[in-house]
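**Student:** To start, I am sharing the structure in question, which I have written as structure tokens.
Values in this text are rule-based calculations from the coordinates and carry no lab data. Fair warning: this is a prediction, and the values are worked out from it, not measured in the lab.
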Amino acid sequence: MEQTGRVVALLPGGRAQVEIQRKAACASDCSKCGGCAHPEQIMAVEVPNACGAQVGEQVVIRARASSILSIAALVYLAPVVLMIGCYFLPVSQGEGPRILCSLAGLAAGAALCALYSRRVKTARRVLFEIERGIGKPETQR
């Protein structure tokens, strides 16, 4: 997945902070739809700055598809799988405890996702990288 953004800050360790416009799965054709809750949301991502982009420069960043897909699988599948799995635990008291076990599985899946999110942030796992610069830095007037 490629996206265009603007470098807003240079960070230590050869990294850059890039602002990108959040894109929806519908290809962000907002002029025809208007159904999104966040059509103009701006995100700031930290990326390795291997190409030496400067503040104000327009760049193309590429997301690693394997990283994005593994995170999506965890976030969407883990809570549901744990919820269904916990429903079928052997409980002898009837339907009520099965539903409580199922809800506990859902909560455990959500907690797993939250812990993974914190781990990714602290480890600064690289999900994006600057592919190339496409514009000169904006000059101040």
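**Student:** Tell me which residues come under 5 Å, amide H to amide H, from Asn49 once H is placed; ignore anything under 5 positions away on its chain.
**Tutor:** Arg15, Ala16
**Student:** How far, in nm, would the chain grow between Leu11 and Ala114 when pulled straight, counting 0.36 nm per residue and subtracting the alpha carbon separation?
**Tutor:** Once the chain is fully extended between Leu11 and Ala114, it gains 34.5 nm.
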